[in-house]
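Below: one structure, written as structure tokens.
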Amino acid sequence: MSSVLRCAVIEDSDALREDLCFFLRNRGHRVVLENNGYDTLAGLEGVSMDVALLDLGLPEVDGLVIAKALREARPDVAIVMVTARSGPGDRVLGWREGADAYLVKPVDFAELDAVLQSVGRRLGLRSESAWRLDEASQELFSPEGRPVRLSRGETALVAAFCEAGATPVSQQRLLDALGKGEDDLSPNRLPAALNRLRKKVDGLSERRLVVAVRGAGYRFGAPLHKADS
């Protein structure tokens, strides 16, 4: 089991920031702030978080300044520095300014995952395991390990939820995931498929798992990832 962390991602590269947020959500963590490096200090005020993933080469202020201010104001928050600065002197300075971990770009996501697990253990957070999808066997496993057999279409729907993390998946994207079928033109095709999926999984959880998000589509209402991730 891994702890569910509330994460702030402060990174000026749009591509890397999106990759980090996708990874975090796919591992069951909550992204409570996405910041591109502008007005960062103001953006952090009042945000309830456990860990800050902090780039050092930000456009308005050096990340080390933010780390120092954050460490002084929020000593309970873990700071994971993510940077291209790879010299031994850079690492020493990072540790001195409050880093709990210092990761050099390009990010090794396996290393990041290990760091976050360590942070969760140190903070003593509640553990909440995720649902796991095995696409090869077309099975969805509950946090307790109970399997749910899925159809091909249901497997595709759950895979789309895996890829989206906490972000709602549009109806069109879910229809694309279902692929072509005999009832391709039926307006009830997607609602019927989601209803069948709900009936299979809702009995294994106290929460509603296939959740409609008004105007945005649907999302999976619990941590979810693929079995090999």
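Can you go through Ala160, Ala164, Ala156 and tell me which one is surrounded by 15 or more Cβ atoms within 10 Å (Cβ to Cβ), closer than 20 Å to Arg219 by Cβ and modelled with pLDDT under 90? Matching residue, one of Ala160, Ala164, Ala156: Ala164. The residues of the stretch 75-104 that are surrounded by fewer than 16 Cβ atoms within 10 Å (Cβ to Cβ) and charged (D, E, K, R), listed by number, are Asp76, Arg96.
Examine the stretch 32-41 for a residue that is in a strand (DSSP E or B), within 17 Å of the chain's Cα centre (by Cα) and of a type in the set (Asp, Glu), and state whether such a residue exists. Looking for residues that are in a strand (DSSP E or B), within 17 Å of the chain's Cα centre (by Cα) and of a type in the set (Asp, Glu), one finds at least one in the stretch 32-41, hence yes.
Please verify whether the stretch 206-219 includes one or more residues that are of a type in the set (D, E, K, R), within 18 Å of the chain's Cα centre (by Cα) and in the same structural domain as Gln172 (by TED's automatic domain parsing). Yes, the conditions are met somewhere in the stretch 206-219. When Glu72 is tested against (1) loosely packed, with under 15 Cβ neighbours inside 10 Å; (2) under 25 Å from Arg121 (Cβ atoms); (3) touching a helix residue (DSSP H, G or I) at 6+ places or on another chain (Cβ under 8 Å), just one condition goes unmet, and that condition is (3).
Considering the conditions (1) outside any loop (DSSP other than H, G, I, E, B); (2) crowded, with 21+ Cβ neighbours inside 10 Å; (3) not β-branched (Val, Ile, Thr), Ala15 is excluded by exactly one of them, (2).
Given the criteria among the small types (Gly, Ala, Ser), surrounded by fewer than 18 Cβ atoms within 10 Å (Cβ to Cβ) and within 20 Å of His29 (Cβ to Cβ), does Ser118 qualify? Yes; evaluated as a whole, the condition is true for this residue.
Any residue at all in the stretch 114-127 that is of a type outside the set (Gly, Ala, Ser) and more than 19 Å from the chain's Cα centre (by Cα)?
yes
Do we find that Leu20 is buried (at least 22 other Cβ atoms within 10 Å of the Cβ) and either out of contact with any Lys or Arg (no Cβ under 7 Å at 6 or more places or on another chain) or part of a helix (DSSP H, G or I) (or both) in this structure? Against the criterion (buried (at least 22 other Cβ atoms within 10 Å of the Cβ) and either out of contact with any Lys or Arg (no Cβ under 7 Å at 6 or more places or on another chain) or part of a helix (DSSP H, G or I) (or both)), Leu20 qualifies. Pairs linking a residue in the stretch 37-54 that is at positive phi to a residue that is among the charged types (D, E, K, R), with Cβ atoms under 6 Å and 6 or more positions apart or on different chains, are Gly37/Asp12.
The values are calculated or read from the model by the stated rules, or taken from the named source; none is laboratory data. All values derive from a computational prediction rather than experimental measurement. Note: ideal-geometry Cβ built from the backbone for every residue, glycine included; neighbour counts use all protein chains shown.
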